[in-house]
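To keep things clear, I will list the structure first and then write my remarks on it.
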Amino acid sequence: MGQIEDAIVRADQEAFTQDPAKTLKGQINFLLKQPTRAVAAELGVSQRSVERYRKGDRKTPPRRVADRIDEAVRARWQPVVRGRRRKQAATSTGITVETRARFGYTAPVGTTDDGRMRRLTVHLPPAYAQHLFDARTQGAADRDLRAIVAEGLQEIYFKDGGTRADQLRVEFTDIDYFDVSF
């Protein structure tokens, strides 16, 4: 994986915002998004036991079963939370990019185009987050992800949302540090 991909994975892992249900009944109800029989087979108990846990008739399963329940809930819970955070970033909140890299420019005659190291922290709107997540899902290479981030930085930071430097093209190279949060 590249730097951009690593940063997205790190941000994804930091998206653990809520703990899953703590009560046995709540955990079983969360697992019952699939058929009772499938949950029972996964936990190694009878279907009737799962129904008793759901109703609250049985409140303390054996330790090995309680561990399996907890493990199954955590395995399913984290992707739900991460998916929710990605969706929120792609539709309403956007992402924040923090980087230290060399930024070079292709600009009109009479302006400087010398690249230099800069440290930037820029909030990119949801459209860039969606584009970045879609490209990552489709297996884009790190250079493609870098191009998406460079475009976002170019439009939001360097062109100030389209209010200046119309013909400016930004090159994003020599990444020293890169982090994403959403």
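The values are calculated or read from the model by the stated rules, or taken from the named source; none is laboratory data. Predicted, not measured: the structure shown is a model, and the values here were computed from it. Surface areas here come from the heavy atoms of the whole protein model, side chains and all, with no ligands, DNA or RNA. Shrake-Rupley method; radii C 1.70, N 1.55, O 1.52, S 1.80 Å.
Please build a GNM for the chain, connecting alpha carbons under 10 Å apart, and tell me which residue among ALA11, ALA41, ALA101 fluctuates the most. Comparing ALA11, ALA41, ALA101 in the GNM, the peak value goes to ALA41. In summary, the lysines within cross-link reach of LYS55, defined as a Cα separation below 23 angstrom excluding same-chain residues under 8 places away, comprise LYS22, LYS25, LYS33.
How big is the stretch 46-90 by the Kirkwood estimate over distinct Cα pairs, in Å? Could you put the intermediate results ahead of the total?
Values: mean 1/r = 0.0810 Å⁻¹.
Averaging 1/r across every pair of different Cα atoms and inverting gives 12.3 Å.
Taking all C-alpha pairs of the stretch 24-72, those more than 15 Å from each other amount to 30 percent.
Largest first, what is the accessible-area ranking of GLU14, GLU42, GLU98 with a 1.4 Å probe? Write down the numbers at each step before the final one.
On the way: GLU14 115, GLU42 85, GLU98 50 Å².
Highest to lowest solvent-accessible surface, that is GLU14, GLU42, GLU98.
Just the protein heavy atoms count here, and of the accessible area of the chain at 1.4 Å, carbon and sulfur take up 47 percent.
Rg to Rh for the stretch 6-89: what is it, with Cα atoms only and Rh by Kirkwood?
Computed over Cα atoms, the ratio is 1.06.
Compute the convex hull volume of the Cα atoms of the chain, divide it by the residue count, and report the result per residue in Å³ as a whole number. Output value, Cα hull per residue: 130 Å³. Helix content alone sets the calculated 222 nm mean residue ellipticity of the chain: runs of n ≥ 4 DSSP H residues at -39500 (n - 2.57) each, divided across all residues, give -15000 deg cm²/dmol. In the full protein context, the chain carries 57 Å² of accessible surface per residue, based on a 1.4 Å probe and ignoring ligands, DNA and RNA.
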